[in-house]
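J.: First the structure, which I've put down as structure tokens, then a few questions once you've had a look.
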Amino acid sequence: MSVVKINVLTVPAEQRETLEQRFASRAGAVENSDGFEWFELLRPVEGTDQYLVYTRWRDEAAFQAWMEGPMKASHQGQGGGERPKPASSSAAVWTFEVVQQAAPPAPEGA
Ligand code: HEM
């Protein structure tokens with residue numbers, strides 16, 4: 001089963017918009033990586049004020065390969081100049097194994 005890697009970002013209130021815009025401008029950054037399965041940027045509404053960057057991978061090796069290569073490119077500041085100050089004040093990675101999953105049935109005829 002897949003492995004889930006969640007990057008937990010602490011973001012000051014006044015930096016939220018900047019963070020979301022930076023993610024929006026990096027749409028497409030992981031889609032073509034080998035073993036990539038899913039990405040969601042989760043904005044906190046209740047219970048926490050931390051953003052979650054949810055990613056799911058075929059296995060640990062696929063995640064590690066992304067981290068060592070494409071991840072570095074997709075985390076560069078734009079334009080190659082001086083790196084802009086991060087919108088997040090801290091980041092930590094959580095790792096999970098997917099134990100069970102469910103999805104609605106595919107629509108008739110699909
Ligand atoms: C679990 C996988 C990931 C890890 C370990 C990771 C790592 C990090 C870290 C350490 C930061 C905060 C420091 C910084 O700003 O550079 C960050 C922010 C960011 N990451 Fe990731 N990331 C992951 C997934 C992704 C994905 C899939 C994307 C693109 C779709 C992405 C794009 C960004 C952007 C746009 C920021 C905001 C930079 C800011 O704070 O302004 N990250 N990531």
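The values are calculated or read from the model by the stated rules, or taken from the named source; none is laboratory data. Please read these numbers as outputs of a predicted model, since none were measured by experiment. Neighbour counts are summed over all protein chains in view; Cβ atoms, including those assigned to glycine, are modelled from backbone coordinates with ideal geometry.
Every residue, every condition in (1) within 12 Å of the ligand (Cβ to nearest atom); (2) modelled with pLDDT under 95; (3) under 12 Å from the mean Cα position of the chain (by Cα); (4) over 22 Å from ARG83 (Cα atoms), yes or no:
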| residue | (1), (2), (3), (4) |
| --- | --- |
| SER2 | no, no, no, yes |
| LYS5 | yes, no, yes, yes |
| VAL11 | yes, no, no, no |
| ALA29 | yes, yes, yes, no |
| PHE36 | yes, no, yes, yes |
| PRO44 | no, no, no, yes |
| VAL53 | yes, no, yes, no |
| ARG56 | yes, no, yes, yes |
| PRO70 | yes, yes, no, no |
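J.: Here are the criteria: (1) part of a helix (DSSP H, G or I); (2) loosely packed, with under 10 Cβ neighbours inside 10 Å. Tell me which single one MET67 does not satisfy.
T.: Of everything listed in (1) part of a helix (DSSP H, G or I); (2) loosely packed, with under 10 Cβ neighbours inside 10 Å, MET67 misses just condition (2).
J.: Taking only the stretch 76-105 into account, find how many residues are at pLDDT 90 or above and of a type in the set (Asp, Glu).
T.: 1
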